[in-house]
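Some notes on the structure that comes next.
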Amino acid sequence: MRADGECPPAQPVGPDQDGEANSARLRRIDPEKLIEEAEALYERVPREYDVPESFLLELRESAKRDLFELQHLSVGRIAPELAGKDLDGKPMKLSDYRGKVVLLSFWGTWCAPCMALVPKERSLVERLEGKPFVLLGINGDEDREQAKKAAERERMTWRSWWDGSPPGPIAEAWNVKGWPTLYLLDREGIIRFKCVDYDEKGLMETLGLILGESVGERREVE
């Protein structure tokens, strides 16, 4: 896990890489400055390059989503509201869970890594029962009934928004590019960790820091 709470890209390992120096460099990065630089770069493209209008439209929409992610979905930012209906068709809002540590998991029955993660998620929910913690899913299945049956079969006792086949409105707004995608929010709704796929070590370390206790893995009894 990077110092900013996000999953690191693959990096070559060599004698010139100093972990402490890299951590110090990351701490000196100004997120606001990075956002300003990104906005400026996106604005330069249509002015300086002769590209087809269709490409510009596609780039503009992609840029909007990327900038929204930088501005609102980066570690340290307050997560935006998330509202919709759950797998039972009942209204569901993220703000209803303010005051609890929230783990958001984007999943779909068609996503093998998502379903492989379910036993770990189920075990985590059981271990933290009684704690100020909640796991919430965002489902990306076209068929809500199919998703509901899968949740029942896999003993997914936590609620999930039904977002339809990707990109659903929630996944698109949150600029989800890979499944599963995980976000960990603290009690104030601030994003403390995010990752595409599953970084168990990083997630458990951050979760333990937020809850103020060790969150180790327990072998689940089927």
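Output the residue which, of all residues in the stretch 151-183 that are polar (S, T, N, Q) and in a loop (DSSP other than H, G, I, E, B), is farthest from residue 61 (Cα to Cα).
Only one residue fits best here, namely 157.
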Exercise. Residue 100: within 22 Å of residue 199 (Cα to Cα) and among the basic types (Lys, Arg), yes or no?
Worked result: yes
Problem set entry | residue 131 being in a loop (DSSP other than H, G, I, E, B), touching a residue at least 40 places away in the same chain (Cβ under 8 Å) and closer than 19 Å to residue 204 by Cβ | yes
For this session: Could you list, in sequence order, all residues of the stretch 88-108 that are over 23 Å from residue 211 (Cβ atoms), touching a Lys or Arg at 6+ places or on another chain (Cβ under 9 Å) and either in contact (Cβ under 8 Å) with a residue 40 or more places away in the chain or not basic (Lys, Arg) (or both)?
Result: 88, 89, 91, 92
Seminar exercise, completed: Within the stretch 60-87, residues under 21 Å from residue 210 (Cβ atoms) and touching a Leu at 6+ places or on another chain (Cβ under 8 Å) come out as 79, 80, 81, 82
Exercise. Of everything in the stretch 157-167 that's more than 17 Å from residue 196 (Cα to Cα) and free of Cβ contacts under 8 Å to residues at least 60 places away in the same chain, which residue is surrounded by the most Cβ atoms within 10 Å (Cβ to Cβ)?
Worked result: 164
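Could you say which residue among 177, 148 is basic (Lys, Arg) and more than 19 Å from residue 80 (Cα to Cα)?
On the way: 177 fails: more than 19 Å from residue 80 (Cα to Cα).
It is 148.
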For this session: Return only the number of the condition from (1) more than 16 Å from residue 86 (Cβ to Cβ); (2) in contact with a Phe, Trp or Tyr (Cβ under 7 Å, 6 or more places away or on another chain) that residue 132 does not satisfy.
Result: (2)
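The numbers here are math on the coordinates, done by the rules we state, and not lab data. As the structure is a prediction and not an experimental result, all values here were calculated from the model. Note that each Cβ is placed from the backbone with ideal geometry, even for glycine, and that neighbours are counted across all protein chains shown.
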